[in-house]
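Student: Attaching a single structure in structure tokens format; questions to follow.
The values are calculated or read from the model by the stated rules, or taken from the named source; none is laboratory data. Fair warning: this is a prediction, and the values are worked out from it, not measured in the lab. Counting neighbours? That spans all protein chains shown, and the Cβs are built from the backbone with ideal geometry, glycine included.
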Ligand code: UD1
């Protein structure tokens, strides 16, 4: 077994000195010996989907901002690199705090390779457009769940008065002589379009109204951050968001909310392994759809002010799940919960209500013995007693987290390849799991 628990001071030093080099080389993998009941406490990091919106939002400020509770994940280091390449000054105060001075931003073009390595790079379109009236950003990369169009983002920008041109290499160029507030109705509830329209409109003359807006916790977190800087945004967390443009935004210190999906993943791990885990630093309200389903499956859930204890003694029960925009069951918890359904008593179904193709991971689960059939946007699981260890791939970020759960409950030693996806969104997953008693290590070929 390789040493997996780096002392935290060493991690901090690496973070300080390299500042942006989170991530792993292609040949590294996780090795997990299954069968251990997880027990103890785990601290949840700052929310990935909030921080990837808030870091670009700093561009809109006229003064430096300090962002706290940022998770140490590769999507954050990519966002910070993009900011630096645009001309911002980024200073690492401690492993989870950065200070960003956007006054030196003097470019409007986002680096091609960085943009391609994460989905949320498209938030730089809204932020740059809202600040300078122009942006040039390559079509983003990120996890593949079928088509991921950005027509609604463009619809919003156009409503504000911007024009867009698609250049070679999939680069989108946006420009506006003058942006003006307007009403935008989103035909589909879209997190990304809601964020991007908020970013583009916050400093624009007049009132912008987003109807059928997304209500995810990270939408509220972004609105709170912008309001702390002096913006006038009301209704975030409901399906109508009103943004009255302001002329100036000031510096702010802001702490990112805890990650709903990381918390849900550790809760699922506790239930899957028949463990007893206190998941700390969470907002229980954000986790209600997940706790309801875990409860239905037989786990015992105890909610505290900022922690949730998950225990599970008996077998898991089957249940049916449909993913939906918040406050429905999150699509980003779909692969993780599927592992539990693979070993639950009886037959369960998952209906995917957000993405057209989010079941690619089921082929990996089948390698471990799972009995799952996919038909369109529905997967049916016939629960078996035990999964069997195998070599599997993380086909995307949350699919990778599901493979970790599968490895934790399987008989034997599971190896997970392509872990760079997992490290886009889970801070110190090996260290956190080791502290809960799991037999996990990160190895290089
Ligand atoms: C965000 C999350 C992602 C999560 C997803 C749904 C971030 C960085 N990522 O992704 O982890 O899985 O929300 O909760 O926060 N759509 C359109 N046109 C558009 C935009 C979206 O038709 O212009 C459709 C998509 O194809 C999808 C649905 O709307 O079917 C929801 O997508 P959206 O909420 O935009 O997802 P993202 O913001 O990309």
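Student: Being out of contact with any helix residue (DSSP H, G or I) (no Cβ under 7 Å at 6 or more places or on another chain), free of Cβ contacts under 8 Å to residues at least 40 places away in the same chain and assigned to a loop (DSSP other than H, G, I, E, B) is true for just one of 295, 305. Which residue is that?
Tutor: Exactly one residue qualifies, and that residue is 305.
Student: Which of the residues belonging to segment 238-260 are more than 30 Å from residue 178 (Cβ to Cβ) and in a loop (DSSP other than H, G, I, E, B)?
Tutor: 256, 257, 259
Student: Of all residues in segment 191-211, count the ones that are surrounded by fewer than 24 Cβ atoms within 10 Å (Cβ to Cβ), within 25 Å of the chain's Cα centre (by Cα) and either within 21 Å of residue 249 (Cβ to Cβ) or within 11 Å of the ligand (Cβ to nearest atom) (or both).
Tutor: 2
Student: Moving on to the next point. I need the full set of residues from segment 219-241 which are under 18 Å from the mean Cα position of the chain (by Cα) and closer than 14 Å to residue 189 by Cβ, in order please.
Tutor: 219, 237
Student: If you check residue 321 against the conditions, is it assigned to a strand (DSSP E or B), under 28 Å from residue 393 (Cβ atoms) and within 16 Å of the ligand (Cβ to nearest atom)?
Tutor: Yes.
Student: So, of the residues in segment 37-61 that are in contact with a helix residue (DSSP H, G or I) (Cβ under 7 Å, 6 or more places away or on another chain) and away from the ligand (no atom under 16 Å from the Cβ), which turns out to be nearest to residue 408 (Cα to Cα)?
Tutor: Only one residue fits best here, namely 38.
Student: Also, I was wondering about something else. Suppose the filter is near the ligand (Cβ under 9 Å from one of its atoms), at pLDDT below 95 and surrounded by fewer than 19 Cβ atoms within 10 Å (Cβ to Cβ); does residue 187 pass it?
Tutor: Taking the combined requirement at face value, the residue does not satisfy it.
Student: Of all residues in segment 106-124 being in contact with a helix residue (DSSP H, G or I) (Cβ under 6 Å, 6 or more places away or on another chain) and more than 12 Å from the ligand (Cβ to nearest atom), which is farthest from residue 60 (Cα to Cα)?
Tutor: Per the stated criteria, the residue is 117.
Student: Could you pull out every one of the strands (runs of 3 or more DSSP E) wholly within segment 105-223 that has 1 or more residues that are in contact (Cβ under 8 Å) with a residue 24 or more places away in the chain and farther than 21 Å from residue 330 by Cα?
Tutor: Hits in segment 105-223: 134-138, 171-175, 183-185, 207-211.
Student: Looking for whichever is crowded, with 23+ Cβ neighbours inside 10 Å, more than 16 Å from the ligand (Cβ to nearest atom), at pLDDT 95 or above and assigned to a helix (DSSP H, G or I) here; the options are 268, 263. Which one fits?
Tutor: The unique qualifying residue is 268.
Student: Only helices (runs of 4 or more DSSP H) wholly contained in segment 358-445 count here; list those with 3 or more residues that are surrounded by fewer than 23 Cβ atoms within 10 Å (Cβ to Cβ).
Tutor: 361-367, 429-435
Student: Another question about this same structure. Residue check: is residue 147 surrounded by fewer than 19 Cβ atoms within 10 Å (Cβ to Cβ) and near the ligand (Cβ under 9 Å from one of its atoms)?
Tutor: yes
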